[in-house]
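Undergrad: Dumping the structure here so I can ask a few things about it.
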Amino acid sequence: MKSESAPAAGARSPVTSAHTDDPDQAECVVGELFLPHRLDLGSRRESLDMRIAGLRLAGLTVGRLSYGRTASLTTVEADHFHVNAPLAGQARSSGGWLGRSIVTAPGTAAVFGPGRPADIAWSADCVQLCLMISRFEVEAELETLLGRSLTSPLEFEPDMDLRTQAAWREVLGMLARELETGPGLISHPMASRHVRGLVIDGLLLGQHHTYSDALGTAGRAAPRSAVTRAKDLVRERPEEAWSTVRLATEVHLSVRALQEGFRRDAGMSPQSYVRHVRLQLARDLLRGADPGRTSVAQVAARCGLRHLGRFASCYRNAFGELPSETLRGA
């Protein structure tokens, strides 16, 4: 077996390449980069010529893999999302949650979800660009795009047509070139995070999945009933740390939909509304308080206003006097 690592000078995410004709070594090398599997070469007397170039980034693993002969892989249960895109030849994939056997060739790809083993058969001339993407990263990004928590498993359509996804095809082309020439800019941590984000967003926005419809309506304004529920939550529990994301999650809306709904119904953003409710409540409490028993700090804490200096400034802008002056007047 021949194995070599060829990082550029100072590179932090080097491309690792390997070449072997030993089935056990091939199984070991590919398993170390991606996940454990069983390699089946069948009974045909063909020489194995496994070649792989792999690149690991945070949350993303990319490999250019070929066997030089017909071969079949059976993986263990994965805890990642996988995308296999042939650069040459063809592959037949089944198992996982594909639900059926699909054949991929250049211009198409197979998408595998976590949780089940998968079977992949390679033609003798098949070369695939293989991606393994962190389940946590994909689901976290989807929750950010939706502005709420996921309520059911994320499942992608298994067939991907790269010919209709020009942007993601360009990202895959860049990764393929990195594997051929060695790491360039992508070896920098900030650049690698950007690339990982492009891959994940391209997958979520370009490939149909169980939340595609929700993403498609994320920019529409929320129903008035949902905005009313959000406003009620703020008034009932003003002391809580309401962020726009948390508020949207509570009423099962995307962040953008909640923002548009508040602009339509309240004439302000969700955070401006939270501040408005807290300031008005603080004014009411200060007016009814006993100055000998109550402090401005106590009232601010009850209203969720934790920064006294900022509270005093916002209060004066809203009511023309300081909180302490309102309290003394009471």
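Undergrad: Would you calculate a helix-derived [θ] at 222 nm for the chain, using -39,500 (n - 2.57) for each DSSP H run of n ≥ 4 and dividing by the full residue count, to the nearest 500?
TA: Helix-only estimate at 222 nm: -12500 deg cm²/dmol.
Undergrad: Taking θ as phi - 60°, what are the ³J(HN,Hα) couplings along segment 150-157 by the Karplus curve (6.51, -1.76, 1.60), each to the nearest whole Hz, with x for Gly and Pro?
TA: Computed from phi, the couplings for segment 150-157 are 6, 9, 7, x, 7, 10, 8, 5 Hz.
Undergrad: Further, regarding this structure: With springs only between Cα atoms under 10 Å, which of LEU55, LEU150, LEU204 fluctuates most in a Gaussian network model of the chain?
TA: Ranking LEU55, LEU150, LEU204 by mean-square fluctuation puts LEU150 first.
Undergrad: Still on this structure, please answer the following. Computed from these coordinates, which is Rg and Dmax of the Cα atoms in Å: (1) 19.6, 62; (2) 27.6, 96; (3) 18.6, 60?
TA: Checking each listed value against the structure points to (2).
Undergrad: With only Lys, Arg, Asp and Glu charged, each at its Cβ (+1 for the first two, -1 for the last two), find how big the charge dipole of the chain is about the Cα centre; round to the nearest 20 debye.
TA: The calculated dipole for the chain is roughly 1660 debye.
Undergrad: Please work out the Cα center distance from segment 120-164 to segment 261-318, rounded to the nearest Å.
TA: With segment 120-164 and segment 261-318 each reduced to a Cα centre, they are spaced 45 Å.
Undergrad: Estimate the FRET efficiency between LEU308 and SER47 by the formula 1/(1 + (r/R0)^6), using the beta-carbon distance for r and 56 Å for R0, to the nearest 0.05.
TA: 0.15
Values quoted throughout were computed directly from the atomic coordinates according to the rules given, and no laboratory measurement underlies them. No experiment lies behind these values; they were computed from the predicted model shown. Don't worry about glycine lacking a Cβ; one is built from the backbone with ideal geometry, like all the others, and counts go over all protein chains shown.
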